[in-house]
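Read through the structure below, which is laid out as structure tokens, and then see the notes.
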2 protein chains.
Amino acid sequence: MNLILLHEKDEIGQGRVRLQGRRLKHVLTVHRATIGDELRVGKINGLIGTGKVIGLDEQELVMDIQLDRQPPEPLPITLLLALPRPKMLKRILQSVSSLGVKKIFLINSYRVDKSFWGSPLLQPETLNEHLILGLEQACDTVLPDIHLRPRFKPFVEDDLAEICNGTRGYVAHPNVEMTCPCGVNQPVTLAIGPEGGFIPYEVEMLQAHGLTPVSLGERILRVETAVPVILSRLTP
Amino acid sequence: MNLILLHEKDEIGQGRVRLQGRRLKHVLTVHRATIGDELRVGKINGLIGTGKVIGLDEQELVMDIQLDRQPPEPLPITLLLALPRPKMLKRILQSVSSLGVKKIFLINSYRVDKSFWGSPLLQPETLNEHLILGLEQACDTVLPDIHLRPRFKPFVEDDLAEICNGTRGYVAHPNVEMTCPCGVNQPVTLAIGPEGGFIPYEVEMLQAHGLTPVSLGERILRVETAVPVILSRLTP
């Protein structure tokens with residue numbers, strides 16, 4: 001937790017906040033802060049600054065906060081991710097959130113195990129918990145938007161054109177001719193398939209609706225490795 | 001398992017191999033191959049090709065193999081990785097192996113929990129298992145070398161100069177002036193610290209022995225995210 005993220009409900013007036021639960025426990029056991037210490041804090045979707053520890057015990061952490069810095073620049077890449085298995089999704093959400101991705105669509109594919117759509121991880125609060133872990137890691141405050149699109153064809157036919165509008169669109173797919181470009185200086189829409197990839201029909205549909213297939217060379221990567229690799233490659 | 005890796009002990013003469021155990025189980029349950037099918041195979045540290053299924057049952061898989069293709073190009077980056085916690089190390093080993101890293105040193109740092117050095121994961125056969133998973137994922141055959149260096153100062157003083165020789169040396173570290181370069185067209189030696197980073201003394205020592213500190217910008221990434229991000233960024 002390189003940054004303690006604050007919510008409106010933490011505020012107790014006059015620039016003072018009170019925290020309990022997970023964040024209190026972290027400050028007690030990992031930071032091992034004491035009265036007078038200054039911790040890095042940020043308001044969710046707001047500014048970053050410092051929190052001076054006024055009170056700290058097993059029950060609560062009270063800080064006086066001063067917020068004066070902008071969060072880091074977002075990464076202008078909209079991620080369309082074929083829904084991975086839950087354990088991997090948790091890690092990917094933290095990872096892409098820490099990298100600055102602000103717009104995520106979890107989409108379907110033939111090779112997505114249908115049971116994944118029933119995972120309790122997909123509850124909005126639970127998805128947000130993992131995105132927040134990424135923000136706390138990277139010292140960011142701006143919570144990504146995340147949308148579930150369990151039906152591939154309607155998503156591509158009805159939503160994709162608007163999402164792609166004003167962006168360069170790519171679908172990462174093994175063994176296609178064009179290599180993923182480096183350092184794209186424009187907003188990007190990027191689709192990444194499931195383990196085993198999108199099926200040909202899906203690649204064709206995505207391509208017909210604005211996404212250029214690109215590969216990462218000969219090596220076939222697990223989704224969890226491919227995501228940061230491609231995001232890094234696209235980053236100027 | 002995008003590639004079935006074969007060892008000398010699998011050979012039963014005349015271009016024929018017999019497999020049992022984990023790989024047999026995978027072919028039965030995931031590939032669901034049948035007699036006559038052709039599977040992608042490769043010999044460890046050797047060529048890639050196809051294996052024609054001659055016999056397949058609960059006891060064994062027998063294939064006639066033809067190996068005729070070179071494995072993919074390696075990634076000319078020597079990775080010096082401060083030892084992560086075991087669960088994360090497993091995933092990082094698979095990940096870097098799939099990306100083509102061939103030389104890995106697991107090194108110490110002040111912030112490495114000393115208990116990690118006692119992990120059974122660090123047995124050579126166990127480390128290799130995870131590297132092999134990465135090769136099978138990426139359709140590669142060349143097993144990376146991996147070395148343990150539990151003492152930081154002797155490693156830097158005695159080993160680092162020789163490792164760096166003929167390479168561009170970098171140590172990834174948050175909040176330093178120079179940003180990690182893109183697409184370096186030379187062999188690289190890359191050090192990545194533990195969660196929380198190398199301590200200043202360690203960064204100074206590494207710098208004094210040939211590694212230039214570089215950052216990835218404002219965002220502080222988990223080691224597991226940073227590794228593929230930096231490897232990708234350095235890749236031409």
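The values are calculated or read from the model by the stated rules, or taken from the named source; none is laboratory data. Since the model is a prediction, treat every value here as computed from it, not as a measurement. Counting neighbours? That spans all protein chains shown, and the Cβs are built from the backbone with ideal geometry, glycine included. Keep in mind that these areas ignore ligands, DNA and RNA; they rest on the heavy atoms of the full protein, side chains included. Shrake-Rupley method; radii C 1.70, N 1.55, O 1.52, S 1.80 Å.
Per-structure values
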{"read-out": "Considering residues of segment B:203-221 that are of a type in the set (D, E, K, R) and surrounded by fewer than 18 Cβ atoms within 10 Å (Cβ to Cβ) only, the residue nearest to the other protein chains (Cβ to nearest Cβ)", "value": "B:218"}
{"read-out": "Residues located in segment B:202-226, provided they are more than 19 Å from residue B:164 (Cβ to Cβ) and outside any loop (DSSP other than H, G, I, E, B)", "value": "B:215, B:223, B:224, B:225, B:226"}
{"read-out": "Residue B:157 vs. criteria in a helix (DSSP H, G or I), over 23 Å from residue A:225 (Cβ atoms) and open to solvent by 40 Å² or more (accessible area, probe 1.4 Å)", "value": "yes"}
{"read-out": "Single condition residue A:79 does not satisfy, out of (1) surrounded by fewer than 24 Cβ atoms within 10 Å (Cβ to Cβ); (2) more than 10 Å from chain B (Cβ to nearest Cβ)", "value": "(1)"}
{"read-out": "Number of the condition not met by residue A:66 [criteria: (1) over 30 Å from residue A:166 (Cβ atoms); (2) polar (S, T, N, Q); (3) open to solvent by less than 50 Å² (accessible area, probe 1.4 Å)]", "value": "(3)"}
{"read-out": "Count of residues meeting criterion [closer than 12 Å to residue A:207 by Cβ and not in a strand (DSSP E or B)] in segment A:167-189", "value": "3"}
{"read-out": "For residue A:94: the one exception among (1) touching a helix residue (DSSP H, G or I) at 6+ places or on another chain (Cβ under 7 Å); (2) crowded, with 21+ Cβ neighbours inside 10 Å; (3) more than 14 Å from chain B (Cβ to nearest Cβ)", "value": "(3)"}
{"read-out": "Residue B:172 vs. criteria within 14 Å of another protein chain (Cβ to nearest Cβ), open to solvent by less than 60 Å² (accessible area, probe 1.4 Å), touching a Cys at 6+ places or on another chain (Cβ under 8 Å) and under 20 Å from residue B:116 (Cβ atoms)", "value": "yes"}
{"read-out": "Within segment B:9-30, considering residues that are under 25 Å from residue A:219 (Cβ atoms) and free of Cβ contacts under 8 Å to residues at least 12 places away in the same chain, the one least open to solvent (accessible area, probe 1.4 Å)", "value": "B:10"}
{"read-out": "Filter result (open to solvent by 50 Å² or more (accessible area, probe 1.4 Å) and either within 14 Å of another protein chain (Cβ to nearest Cβ) or in contact with a helix residue (DSSP H, G or I) (Cβ under 7 Å, 6 or more places away or on another chain) (or both)) within segment A:111-141", "value": "A:111, A:113, A:120, A:133"}
{"read-out": "Tally of residues being away from chain A (no Cβ under 14 Å) and among the hydroxyl-bearing types (Ser, Thr, Tyr) across segment B:178-202", "value": "2"}
{"read-out": "Some residue of segment B:165-178 being in contact (Cβ under 8 Å) with a residue 40 or more places away in the chain and under 27 Å from residue B:5 (Cβ atoms)", "value": "no"}
{"read-out": "One residue from B:181, B:200, B:194 being surrounded by fewer than 19 Cβ atoms within 10 Å (Cβ to Cβ) and at pLDDT 95 or above", "value": "B:200"}
{"read-out": "Matching residues, segment B:8-23, being at pLDDT below 95 and in a strand (DSSP E or B)", "value": "B:13"}
{"read-out": "Which numbered condition residue A:154 misses (of (1) within 14 Å of chain B (Cβ to nearest Cβ); (2) free of Cβ contacts under 8 Å to residues at least 40 places away in the same chain)", "value": "(1)"}
{"read-out": "All positions within segment B:189-201 that are farther than 23 Å from residue B:162 by Cβ, more than 18 Å from the chain's Cα centre (by Cα) and touching a residue at least 12 places away in the same chain (Cβ under 8 Å)", "value": "B:195, B:196, B:197, B:199"}
{"read-out": "Residues located in segment B:97-110, provided they are within 14 Å of another protein chain (Cβ to nearest Cβ) and touching a residue at least 60 places away in the same chain (Cβ under 8 Å)", "value": "B:99, B:101"}
